[in-house]
Structure formats: C-alpha cells, structure tokens
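The values are calculated or read from the model by the stated rules, or taken from the named source; none is laboratory data. Source: prediction; values computed, not measured. Note that we place each Cβ from the backbone using ideal geometry, even for glycine, and neighbour counts take in every protein chain shown. Areas reflect the complete protein model, heavy atoms only, side chains present, ligands, DNA and RNA absent. Shrake-Rupley method; radii C 1.70, N 1.55, O 1.52, S 1.80 Å.
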Amino acid sequence: MKRIVYREWRVPPARYWSLLGILASVIGVAALAFAYMEHEGHWVTGMSNSVVWGVPHVFAVFLIISASGALNVASIGTVFRKPLYKPLGRLSGLLAAALLVGGLLVLVLDLGRPERLVVAMTTYNFRSIFAWNIFLYTGFMAIVIAYLWSMADRKGDPYNRAIGIVATFWRLALTTGTGAIFGFLVARQAYDAAILAPMFVVMSFAYGLAIYMLVLMFSFKEDDRPIGNRILFRLRNLLGIFVLSVFYFTLVYHLTKLYGAKNYDLVGWLLLDGGIYTFLFWVGWVLIGGLIPLGIIYHPIHGRDRNWIAAACGLVIVGGLSSLYVIIIGSQAYPIQMFPGQTILESGFFDGVQGAASSYSPRIPEVLLGFGGVAVALLVTAVGVRVLQFLPESLADEVMPPDEEASGRAAVGAQA
Amino acid sequence: MTDHHESNTGPAECGPSQPDRRTFMATAAGVTAALVAPGVIMHSVAGPRTEAVTSDVRWGLLVDTAKCADGCSACIEACDRENGLDLQTQPSGAQPTRWENQKSVWIRKVKLQDNQTGRVTNLPLMCQHCEHPPCVDVCPTGASFKRADGIVLVDRHTCIGCRYCMMACPYKARSFVHEVMSNQLTRVPRGKGCVESCTLCVHRRDYGEESTACVDACQAAGHEAIIFGDLKDPESPIRMRLAELASRQIREDLALNTGVRYAGF
Amino acid sequence: MAKAVVRAGLVAVGLAWALIAQVALAAEMKTYVVAGSQAATLDSCVEPTDIMRRKHMEFIQHQRDKTVHGGIRSSKHSLSGCVDCHVRDEPDGEAVPIHQKQEFCGACHAFTAVNLNCFDCHAAVPKGPGAALASKAAYQAVGLEQSPRAVSDGKEH
C-alpha cells in the first residue's frame, strides 16, 4: 500500500471550460426561469392550492437527502474505520456540501417571497420542524467544512474521527428531519406515517451513493485516473444493499398503510389507478429505480462492467426522482379525507369530487429551476475538484489500503 | 362522531376567565340594543379597538347544515366582496382550469352524500380556526398565528410563502396568492407570494361589528344557516344553539378543537 | 347636521391655512407633501413633522404589529391613515397611487433610494368600504372627525 496522493483535477482546459460552460448555461436558464416565476407569481407553474409543492420540491428534497447520502462514503471511512474508503472521503464531503447548496437554492427560490429569506433566518418558530431543518442544514454545512479540513490538513487529523462521528449523526438527523417534514403532516393521509423518516434515510444512502459513484467514475475517466475493481465493486455492492433497503421500506410503508382499513382507498389508488403516480411508482420507483439496477448489480457479467454499473447508478437516480415525485406530489394529489363515509358530490374548491385526485402537471419554468439546482451542485463540485486537492491520483487496487484496519478492529454495521 | 354535550365539553373547555364577563355582557347588551334599533350603526357602538385582544372571548361559527341551501352561494359572494377576492382576475395566458385551482378561495361550498343513507348535505367550508392549529405549529417563521381571541391568521409581513401551512391544514382552507395583485381594498391588503385564509372578518371584529360577511349574507338570503359568536360565553346565541343541536367538528379525530362547528349531518 | 357644518368650516379653515402654509413652506424648504392631497390642506402630520421624517418607519412598523396581532385599530400611525391623508387626488377625483415616483411616499423614497414593497399588498389609494374607518383614528389625531373623502364622494359605499 502506498501513500494516497491527492491532486487537482487536470482535465484539458478546453474540456473543463466547456463543462463549466454547459453547467453555467443551465444555471443561467434556471435563473431566467426563476425571474419569470418571481415576476409573474406562481400561476405560471403547475402548482396550485391543491398541489402546493411541485417539481422544485422534488428536486430540492432529492438533492438535500442525496447530500446526506453522499457523505456516507466518508463516514464509512472514518467512523466505521474502513481504510479502504478513506481515499474517497474528500470527494464525499465536497459532493455533500455541493448537493446541499443546490437543493437549498431550489427550495429558497421557490418561496413565494424569496426576498424575505432574512426573515426565515432570523425569526424562528421552534415548534416547526421546518425551522429546525434550517438549523440542520446550516449546521451540516459547517460540519462538512470542518470534516473536509480534518481530512485534508495534517493538523486536523486528530479530530478527524470525532468530527466524522458528529457528521454521521448530524447527517442522520438531517435526513430524518427532512423526512419528518412530510411525516408529521397528519392532515394528509399518505404522509401521516412515522416510517417516512427512516425511509428517507435509506433513500438518501442509495441516491447519494449513486450520484457519488457517477461523479467519481466520470471525473476519473476524464482525467485518466485509474479506479481499481476492488473499490468499485465495493461501492457497487453497497449500492445494491441500499437499493434493497429502499425496497424493503417501500414495502413496509405500504403494509403499514394497509394495516388501517381507512387507508385501503389510498393504497389502492396509488398502486392501481393513480394515473401518472401509479405509473411512476411501478415503472419509475420499482422497475427503473429498483429491479433493473439490482439486476445489473447482481448480474455476473454486467455487474463487472463499468458502463453497466454507471447505468445502474443513473437508473437509481431516475428512480429516486420518480419516488420523490410520487411521495411529494402524489400524496398531495390524493384528496384529503375530510368526510369519512360520505361522497363529495360537488365542491367549490376541488375537494375530491367523487374521489377524484387533484391534477398537477409541471410547467417548464419549475422544471428548469430544478435542473438549475442540479447544475449548481455539479458546478460547485467541478470547481472544487479543479482548484483543490479532492481527488486521489489513483484508486487502483495496488495503492488502496486494506479493507480492515491492521488492528483488526471489527467495524460492524459499516454496510448496514 | 356527534357530540351531544357540546355545552360542557365543547369549545368552551378552554376555561373562560370570568372577570371580564361583565364587560362582555355590557357589549352584548349594546349589541341587542343595536338590533332592536336598526338605525344605529354597529361600529359607532363599539368603535375601533383600543386595547389588544384578549382570550376572554373565542370567536367561532356554527353551521346548521340542515338550513344550508343547495345551490345557494350567498356566503361565498359576500366573502369575496368583503375581502376583495372578487377583484382577482385571471392573468392573461393562464389556463382557466388551472387558474380555478390557483385563485384564492376563503370559503367554499361542499355537497356531500352519505354512502350509507344517501342523504345529501350542503355546507360551507372555511378555515376552522382550530384551538391547536397545525398551520401555526409548522410555520417556520411564526407568521401563522392564533390571535388571542381565537382567530387563526397569517401575518403577511413575516410570511415567506413556503406553503408548509397549506400542506399541514386538514381542511385545505388556505390559499396562496399566485399572481400579482392590484386594486386591493384598503381594509384587506393581500398580495403575491403569501398565504391567506378566512380571517373571520377580522376588521369587523376590531371595529365592533357583530358578525361576519358570510353570516350576514346567509341571513339576508333567508337561511340563517351560520351563526357567529363567542364560544366562551355560555349566554351567547352560538352557545345556546350548540347546546340545542348535536354538532361535530370536521376531522374530530385530530383533536384540534375547531372554532367552526357543524350540526345536522 | 351641525357636525357637517363644523366639518365644512374646518375644511374651509384648513384650505385657507394650506394656502398660507404653502407659500410659507415654499419659501422655507422643499416639502414632499403633494398639492391635491388632504395633507396639503392641513398643517400638521400625526406627529411633529421632523419626527415624522426621521421616524415614520418605526411608527408604522410598531403600528403594524399592534394591529395585526393585537387588533388595535384606534391609533394614529396606521398605514391606511398615511395613504388617505397624503394621497393626491386628480381634479376628476381619482386618487393617484401614493408609491408612484412623483407621489408622496414614492418621491421621497426614490430620492433616498428606499425600496418598499408594502404596496404589493396594501392599497395605494383609499379604496372600498372601510377605508374611511381605517383612517379615522389618524384624522382624529389631527383634530378632524374623519377623512373628508368618506362624506364628500360616494365611493365609501
């Protein structure tokens, strides 16, 4: 085992700048979309008084929980003492911070009055889980920066593990908190489930890791840096486990919902005749985000092929967006059950007449805003790896540390 | 779930403090006098409020659905006029069906049919002015708040338009202003990017008028299906009526102790 | 009836005073009070003028919380009051939104580069029933019964 050397990303300037150019133009278009929505008001979006959170929130929540999941890689290295993962730590921290910035930006720019952000940062209602999340997010940022410092600077090394542990717990709190934003909404049947919080945690693991792997593979390939099979297959296996866990929680979520007879209609709607939501559930969430990636990952031949592994990561991401679409938007589209035992014949405000779901179809500006958040995250990452030493020179098998620490200390649960 | 013991366990359970009962009675007497002598304008009796509201009163509504007429929309039109909601215009380029779902609605009519008996019920639905409002709990900046007299409001100077309160409201009672407004009424400021809902005609409360626009309109239309009043005053018409009728809260299971009660279904 | 006479008298006196005051002021210093507004007919604001210039934001802010949270409608610093008294009426009676660049609040804020969004929501001209009620306390603070607007034109109802 050699000493791991970190180097700035040295792709040719033309390539680098065209990458930045593409990202910047996506961001520019998103900025225009934001200006348009802000100037006109939200009527230019598909969001309404029935479906109040739309595609921007799907992207924002996706990016925020992925941020937490991306940090997982660093945690495994420091907290669970897996030396093999240590060289991956810096990128993990950077990506976590970048994804969080992207997600928060989308969230903030979708506010009805974004210019009042100062109000949100200075007046708090401590009963609101949303307000707590503001702390969780800013704290996460600070901790990730400290964590990066402890990984990169020799002076920080003694604190590395302690900070890593704090970061791990903070990260769990953050995703639990994000899940709880929805889980505490007793008003809406589909959200009213404590299991949403842990489900968001496993989702964050899967989506964060998928993004991490894609970024890692892309940046290494562009710069001709080697990634050994040992680490790559490790990450791949980990992804498989996370995707399986998401599956498990999805199942438990629906089973717990089915436990109460009052939710039969909801589950039936979602699984059978919820239109786009049913489609996204089965095709997006289950098939694209679950079965196909699992098939690839555990396939004896494709599972060893880098392109296939990258494809699996991409599919997990698409599946992740679908699942959040179903969770966030589908749950709002399903009518609130205000009058059990009664059928609504007429309503002046779309109260689910004859059980009909509310309609929502995303408009271009809000989708562009969401993409803008993704582009910001990638831009921050691209600039970060270019100017600072985030990426190891090589992750080839022979330079990588052993799986376990020499002390043979058991690192139970590293992959759970 | 019908609650036959409304007068003991209902909205008044939040313990009316007695000392101010006498002042209230005096006002009530004034109200009665005004009703007897219709020439007297109400606000000249109570005038604009000089002291901050207290929790000696809790405003609420009782809807007698048996009297709520099918096809009547007097309360809605009155509310729209009172609060300037009739001044909303569909932005040019907006798709009409989507816009229907994006414009502000503070009060709406719902028509229900019992799955078992087939009985049809009409009722107006608006902010239920909960004692434990979920919107207030979730609001990150504290812009959603419950005024001391029980009215649930949005302070639109601190509302950032995150819409979490709308996610949390079990009654879908809140609206987000989706478009740039102009031509607002002086008494009801409202504008793009904030959330709003029924205020129980808060300006009327503060200028000492005795009821809300929807209640007046319902009465004028000859139905008298809605009663407005102080839920903490056992002598108030609304409490008397609550004692007579079997009433219930919508989503009683959430134990929000709503300020709006429904009878007759 | 008697009240109306008194009020008419007051307005007349006010008008006469305004004429004198205008001349005096023009000589003295620039004022933002616009001709054609009620304020132009009166000689004092709800607080002494120099205090108003420096502190009106605090007054309004304070008033805002008292009204929104406490329901207090009887104090003189209401925004509706500022608008009612300071807004300029065109000769045809149409009021001009007070935050426009040449108008009372707008002109001074443009000059001092203050950017307000209050009139996103608040009516920039007295509008609708209840407008007179909302400005009444402010008028009473300067010794008038209520906004002359409330009685002079039928817009009140």
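Quick check on this structure: which one of B:178, B:157, B:203 is surrounded by fewer than 24 Cβ atoms within 10 Å (Cβ to Cβ) and facing chain A (nearest Cβ under 9 Å)? The conditions single out B:157. Residue under question is residue A:130, and the condition is that it be modelled with pLDDT under 95 and either open to solvent by 10 Å² or more (accessible area, probe 1.4 Å) or over 23 Å from the mean Cα position of the chain (by Cα) (or both); does it hold? So residue A:130 fits the description; yes. Taking the conditions (1) at pLDDT below 90; (2) within 14 Å of chain B (Cβ to nearest Cβ); (3) open to solvent by 50 Å² or more (accessible area, probe 1.4 Å) in turn, residue C:117 satisfies each one other than (1).
In the set B:71, B:60, only one residue is small (Gly, Ala, Ser), open to solvent by less than 10 Å² (accessible area, probe 1.4 Å) and more than 7 Å from every other protein chain (Cβ to nearest Cβ); that residue is B:60. Condition check: open to solvent by less than 20 Å² (accessible area, probe 1.4 Å), within 7 Å of another protein chain (Cβ to nearest Cβ), closer than 24 Å to residue A:46 by Cβ and touching a residue at least 24 places away in the same chain (Cβ under 8 Å). Does residue B:162 satisfy that? When the stated conditions are applied, residue B:162 does not pass them. If you go through segment B:206-223 and keep only what is away from every other protein chain (no Cβ under 12 Å) and touching a residue at least 40 places away in the same chain (Cβ under 8 Å), you end up with B:210, B:212, B:214, B:215, B:216, B:217, B:218, B:220, B:221, B:223.
Examine segment A:93-110 for a residue that is open to solvent by less than 10 Å² (accessible area, probe 1.4 Å) and at the interface with another protein chain (Cβ under 9 Å from one of its Cβ atoms), and state whether such a residue exists.
Scanning segment A:93-110 turns up at least one residue that is open to solvent by less than 10 Å² (accessible area, probe 1.4 Å) and at the interface with another protein chain (Cβ under 9 Å from one of its Cβ atoms).
Pairs meeting the criteria (first residue in segment C:60-77 and closer than 14 Å to residue B:54 by Cβ, second residue in a helix (DSSP H, G or I), beta carbons under 8 Å, at least 6 apart or on different chains) are C:71/B:202; C:71/B:205; C:71/B:206; C:72/B:206; C:72/C:66. Residue A:364 is checked against (1) more than 24 Å from residue A:181 (Cβ to Cβ); (2) touching a Leu at 6+ places or on another chain (Cβ under 9 Å); (3) within 14 Å of chain B (Cβ to nearest Cβ); (4) in contact (Cβ under 8 Å) with a residue 12 or more places away in the chain and fails just one. What number does that condition carry? Among (1) more than 24 Å from residue A:181 (Cβ to Cβ); (2) touching a Leu at 6+ places or on another chain (Cβ under 9 Å); (3) within 14 Å of chain B (Cβ to nearest Cβ); (4) in contact (Cβ under 8 Å) with a residue 12 or more places away in the chain, residue A:364 violates only (2). Might you let me know whether segment C:73-94 holds any residue that is at positive phi, within 12 Å of chain B (Cβ to nearest Cβ) and assigned to a loop (DSSP other than H, G, I, E, B)? Checked against the condition, which is being at positive phi, within 12 Å of chain B (Cβ to nearest Cβ) and assigned to a loop (DSSP other than H, G, I, E, B), segment C:73-94 yields no hits at all. When A:74, A:31 are checked against the criterion of being within 24 Å of residue A:151 (Cα to Cα), out of contact with any strand residue (DSSP E or B) (no Cβ under 9 Å at 6 or more places or on another chain), in contact (Cβ under 8 Å) with a residue 40 or more places away in the chain and assigned to a helix (DSSP H, G or I), A:74 stands alone in meeting it. Report whether or not residue B:152 is more than 8 Å from every other protein chain (Cβ to nearest Cβ), under 18 Å from the mean Cα position of the chain (by Cα), within 30 Å of residue A:61 (Cα to Cα) and buried (at least 23 other Cβ atoms within 10 Å of the Cβ). Considered against the rule, which asks whether it is more than 8 Å from every other protein chain (Cβ to nearest Cβ), under 18 Å from the mean Cα position of the chain (by Cα), within 30 Å of residue A:61 (Cα to Cα) and buried (at least 23 other Cβ atoms within 10 Å of the Cβ), residue B:152 comes out as yes. Checking each residue in segment A:15-44 for being out of contact with any helix residue (DSSP H, G or I) (no Cβ under 9 Å at 6 or more places or on another chain) and open to solvent by 80 Å² or more (accessible area, probe 1.4 Å) picks out A:17, A:39.
Rundown of residues vs (1) under 24 Å from residue A:58 (Cβ atoms); (2) touching a residue at least 40 places away in the same chain (Cβ under 8 Å); (3) touching a Cys at 6+ places or on another chain (Cβ under 9 Å), yes/no style:
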residue: A:246; (1), (2), (3): yes, yes, no
residue: A:251; (1), (2), (3): yes, no, no
residue: A:259; (1), (2), (3): no, no, no
residue: A:266; (1), (2), (3): yes, yes, no
residue: A:271; (1), (2), (3): yes, no, no
residue: A:278; (1), (2), (3): yes, no, no
residue: A:282; (1), (2), (3): yes, no, no
residue: A:288; (1), (2), (3): yes, no, no
residue: A:293; (1), (2), (3): yes, yes, yes
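Checking each residue of segment A:335-344 against the condition of being open to solvent by 50 Å² or more (accessible area, probe 1.4 Å) and in contact (Cβ under 8 Å) with a residue 12 or more places away in the chain gives at least one match.
Out of A:378, A:369, one residue alone is on the phi < 0 side of the Ramachandran plot and either open to solvent by 10 Å² or more (accessible area, probe 1.4 Å) or part of a strand (DSSP E or B) (or both). It is A:378. The residues in segment B:225-243 that are touching a helix residue (DSSP H, G or I) at 6+ places or on another chain (Cβ under 6 Å) and under 18 Å from residue B:262 (Cβ atoms) can be counted, and the count is 8. If I ask for residues that are of a type in the set (Val, Ile, Thr) and open to solvent by less than 40 Å² (accessible area, probe 1.4 Å), which ones from segment A:253-293 would you list? Hits for segment A:253-293 are A:267, A:278, A:286. Somewhere in segment C:57-71, is a residue surrounded by 13 or more Cβ atoms within 10 Å (Cβ to Cβ), in a loop (DSSP other than H, G, I, E, B) and within 12 Å of the chain's Cα centre (by Cα)? No: zero hits.
I'd like to know if segment B:50-64 contains one or more residues that are part of a helix (DSSP H, G or I) and at pLDDT below 95.
Looking through segment B:50-64, none of the residues is part of a helix (DSSP H, G or I) and at pLDDT below 95.
For residue B:192, work out the one condition from (1) more than 10 Å from chain A (Cβ to nearest Cβ); (2) assigned to a loop (DSSP other than H, G, I, E, B); (3) open to solvent by 10 Å² or more (accessible area, probe 1.4 Å) it doesn't fulfil. Only one criterion in (1) more than 10 Å from chain A (Cβ to nearest Cβ); (2) assigned to a loop (DSSP other than H, G, I, E, B); (3) open to solvent by 10 Å² or more (accessible area, probe 1.4 Å) is unmet by residue B:192, namely (1).
It is to be established whether one or more residues within segment C:100-107 are within 12 Å of another protein chain (Cβ to nearest Cβ) and open to solvent by less than 50 Å² (accessible area, probe 1.4 Å). No, segment C:100-107 contains no residue that is within 12 Å of another protein chain (Cβ to nearest Cβ) and open to solvent by less than 50 Å² (accessible area, probe 1.4 Å). For segment B:108-126, enumerate the residues that are open to solvent by 10 Å² or more (accessible area, probe 1.4 Å), more than 8 Å from every other protein chain (Cβ to nearest Cβ) and not small (Gly, Ala, Ser). Result: B:117, B:119, B:122.
Checking A:120, A:187 one by one, the residue that is touching a residue at least 60 places away in the same chain (Cβ under 8 Å), within 30 Å of residue A:330 (Cα to Cα), within 9 Å of chain B (Cβ to nearest Cβ) and out of contact with any Asp or Glu (no Cβ under 7 Å at 6 or more places or on another chain) is A:187 and no other.
Scanning segment B:218-265 for residues that are assigned to a loop (DSSP other than H, G, I, E, B), more than 17 Å from residue B:72 (Cβ to Cβ), acidic (Asp, Glu) and open to solvent by 40 Å² or more (accessible area, probe 1.4 Å) gives a single hit, B:235.
Pairs meeting the criteria (first residue in segment B:237-265 and over 13 Å from residue B:63 (Cα atoms), second residue open to solvent by 20 Å² or more (accessible area, probe 1.4 Å) and acidic (Asp, Glu), beta carbons under 7 Å, at least 6 apart or on different chains) are B:256/B:131; B:257/B:131.
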